[in-house]
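I have placed the structure first, in the form of structure tokens, so that the comments after it can refer back to it.
Bear in mind that the values in this text are calculations on the coordinates, not laboratory data. Quantities reported herein were computed from a predicted structural model and do not represent experimental measurements. Positions of Cβ are generated from backbone atoms using ideal geometry, with glycine treated the same way; all protein chains shown enter the neighbour counts.
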Amino acid sequence: MTLTLRSLLAFAALAAAAPKPPRATTTADYVIVGAGPAGFVLAEYLTRDPRLKVVLLEAGPDGDTDPVLTTPAEFIHTGKYMWPYFSQPDPNLGGETPNIVQGRALGGGTACNAMLYCRGSASVFDEWARISGNPGLRWSSMLNSFKATTHWQDGQNINYIQPVNTSMVGNGPLEITRQRELLTLDKPFADKLQATFNLPQIDSQSGNGIGVTQGLQSIRASNSTRQYAYNTFGYLASRRPNFELHHDAWVMKIGFTNTTADKVTYNDTLTGTVNTIKAKEIIVSAGAINSPQILMLSGVGPANQLRALGIPVVKDIPQVGKNLVDHHYAVVQYEAKSQVDTFWQLFENHTRNAIETAKYQANGDGLFGNIVGDVSGAFRLPDSVFAGKGTFHKSLPADRPHMVFQYFAGPFLPGPNVSMVSAFAAVVQPEGSGHITLASANYRDAPLIHSNYWGSAADKAAVVWGYKQLRAIFRSSEIFGKYLVRELNPGEDVVTDDQLWKGIQKTSNSWHHPIGTTALGTVLDANWRVKGLKGLRVVGASAAPKITTCATQATAYAIGHRAALDIAAADRVCLRC
């Protein structure tokens with residue numbers, strides 16, 4: 001597909017162009033930092049009260065008409081819309097530095113992710129409620145937030161069976177769909193997972209944590225284009241005169257009068273000017289990496305670290321930047337036979353590319369309209385895996401899996417120029433956690449991310465066991481004999497446990513779901529306020545005290561909705577004006 005054709009298609013896919021932002025103001029009722037899913041949901045709800053002025057700042061650009069962003073299969077090429085973050089050398093990985101890139105655009109991670117939509121195990125949210133003291137975070141309540149942010153639309157002429165409980169969605173802006181057609185390996189991999197681990201096929205949005213799913217996605221059913229935070233909640237807010245949106249607005253710090261947050265200073269990177277907005281309330285919604293960074297740059301965090309960098313301390317909160325938890329994984333990768341649907345067929349096979357381009361251009365059909373492989377299995381491990389390694393994993397509630405296997409019809413790792421498929425084994429709720437610190441007092445310097453892969457003996461035992469099982473699944477006759485040519489990673493010559501562990505260390509990476517670094521219950525009170533300060537809240541993935549059991553996109557939207565209700569109740573905001 002040429003750039004011209006892709007551009008035409010992208011423009012046609014957009015429901016309506018969002019209005020241009022008004023001239024920058026210097027005062028507001030609410031300034032929201034970070035235009036990801038939580039930030040845009042907050043903006044849409046708070047601007048329903050016409051008495052309020054709401055300003056939303058995003059460091060990244062507006063990519064709304066970029067076909068690389070709007071076309072689902074192009075998600076692997078969205079690197080220019082990401083913060084290029086890397087973990088510090090991890091001793092658990094022999095010094096490797098896996099990337100932990102995060103969304104940097106209007107829409108945040110939803111602008112550049114793989115569009116998976118799932119909610120995970122219900123008991124996680126009940127635990128959030130207990131930790132935070134906020135009963136609105138219980139599953140029974142959060143389900144209303146999940147519904148309020150989504151609606152269901154099935155595609156036409158879908159000829160496969162998949163359990164979808166449509167009562168689990170509502171009438172919200174975000175469209176949830178399933179892929180139009182299955183790919184070559186989808187059903188064989190799903191069937192093998194079900195048979196191997198005796199798993200049911202589940203709906204991924206009903207509070208089920210354990211089972212096999214051919215996933216749901218935030219893709220528009222009518223033309224197979226990306227549905228994300230900006231072209232849903234952002235468009236709604238942008239129609240209102242009391243909303244102001246600024247992209248390429250890189251926040252430098254939050255300012256305080258005594259212990260009250262009352263202003264935000266940002267660099268308009270398009271003009272090179274520094275601007276300050278005074279606000280009655282500041283809400284940081286910049287993700288689990290950037291949110292603690294902004295707080296620390298502003299003097300909120302571990303006092304000894306801030307003083308060492310010459311940052312005046314506003315509030316000593318040692319837990320800022322702690323409790324970094326992510327879904328880490330290890331990869332197996334295989335060369336695929338010529339009949340298998342893969343990304344290589346889409347982007348390197350010119351004949352197939354022309355066929356798929358024509359399909360997608362006509363009505364959104366074909367490989368360009370999906371993420372090319374979306375089957376996962378979530379399951380618990382035998383207690384014997386954790387023998388002598390503590391009780392953390394064994395004591396997790398019964399609805400929570402220990403591990404997820406995820407398949408992808410393309411490479412997760414660099415490899416030869418051949419058609420490839422890959423999969424990973426991810427520990428869903430790791431025992432170990434990492435932390436984030438500042439590299440300097442300069443906002444332009446990336447923070448230091450200490451990810452702590454496989455941070456306990458039990459986490460290591462889990463990934464080793466899972467990696468062996470995943471490798472065995474792909475080496476089974478049902479898959480290897482029919483669809484695969486050879487094992488590229490870890491490689492046929494890897495046979496001993498020591499070799500296997502080194503293979504895991506080399507292939508470990510992030511599913512890019514970091515959470516918890518400004519958590520409810522430690523950094524935040526039950527109404528999302530930073531403890532001991534006034535005028536400052538944090539909303540989004542960084543506020544989650546425990547990680548969910550699947551991809552976190554759906555939860556980020558729901559957090560935004562729940563927080564909007566809580567803030568509106570506390571601040572007397574009219575959401576039905």
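Of all lysines in the structure, those lying under 16 Å Cα to Cα from residue 278, and not within fewer than 8 positions of it along the same chain, are 53, 253, 263, 534.
In a simple Cβ point-charge model (Lys, Arg +1; Asp, Glu -1; nothing else charged), segment 303-380 has a dipole of about 420 debye relative to its Cα centre.
Please name which of 68, 82, 476 has its Cα lying farthest along the dipole of the chain towards the positive end, using unit charges on Cβ (Lys, Arg +1; Asp, Glu -1) and the Cα centre as origin. Result: 82. Once backbone amide H atoms are built at 1.01 Å from N, residue 219 has 177, 227 as its partners under 5 Å, excluding neighbours fewer than 5 places away on the same chain. If the chain linking residue 418 and residue 446 were pulled fully straight, counting 0.36 nm for each residue of separation and taking away their Cα-Cα distance, it would gain 6.6 nm.
Counting other Cβ atoms within 10 Å, which trypsin sites (Lys or Arg not before Pro) in segment 363-461 have at most 11 and lie in a DSSP loop?
Counting only loop positions with at most 11 other Cβ atoms within 10 Å, the trypsin sites (Lys or Arg not before Pro) in segment 363-461 are 444.
With R₀ fixed at 60 Å, the C-beta to C-beta distance from residue 171 to residue 469 puts the FRET efficiency at about 0.90. Here's the list of lysines a cross-link from residue 337 could span, going by alpha-carbon distance under 20 Å and ignoring same-chain residues fewer than 8 apart: 187, 192, 482. Placing R0 at 22 angstrom, the Cβ-Cβ distance between residue 270 and residue 99 gives a FRET efficiency of 0.25 after rounding to 0.05.
Cβ-Cβ distance of residue 77 and residue 496, R₀ of 60 Å, FRET efficiency by 1/(1 + (r/R0)^6): the value works out to about 0.95. With a cut-off of 13 Å on the backbone N, no residue of segment 372-389 is near the modelled label site 7 Å out from residue 130 along Cα-Cβ. When you restrict to C-alpha pairs under 8 Å that are six or more residues apart and normalise by the size of the chain, the relative contact order lands at 22 percent. Summary of the geometry: segment 510-573 and segment 103-134, compared by the centres of their Cα atoms, lie 10 Å apart. Beta bridges from DSSP with both residues in the chain: antiparallel share about 70 percent, rounded to the nearest 5. Residues of segment 212-247 with the amide nitrogen closer than 14 Å to a label point 7 Å from the Cα of residue 574, along Cα-to-Cβ, please. Backbone N within reach: none found.
For a straight C-alpha distance cut-off of 21 angstrom, the lysines reachable from residue 506 (same-chain residues fewer than eight places away being disregarded) are 460, 468.
Straightening the chain between residue 162 and residue 198 buys 11.2 nm, computed as 0.36 nm per residue apart minus the Cα-Cα spacing.
The charge dipole of segment 101-232, taken about the Cα centre with unit charges on the Cβ atoms of Lys, Arg (+1) and Asp, Glu (-1), comes to about 240 debye, rounded to the nearest 20. Among the helices of the chain, those built from whole DSSP H runs whose Cα atoms reach 24 Å or more along their own axis and whose mean Kyte-Doolittle hydropathy is at least -1.0 are 457-474, 553-571.
With contributions of -39500 (n - 2.57) from each DSSP H run of at least four residues, the per-residue ellipticity at 222 nm computed over the chain stands at -7500 deg cm²/dmol.
Could you give the dipole magnitude of the chain about its Cα centre, charging the beta-carbon of Lys and Arg +1 and that of Asp and Glu -1, in debye to the nearest 20?
Dipole about the Cα centre, nearest 20: 1240 debye.
Once you place label points 7 Å from the Cα toward the Cβ at residue 480 and residue 278, how far apart are they in nm? According to this spin-label approximation, the distance is 7.0 nm.
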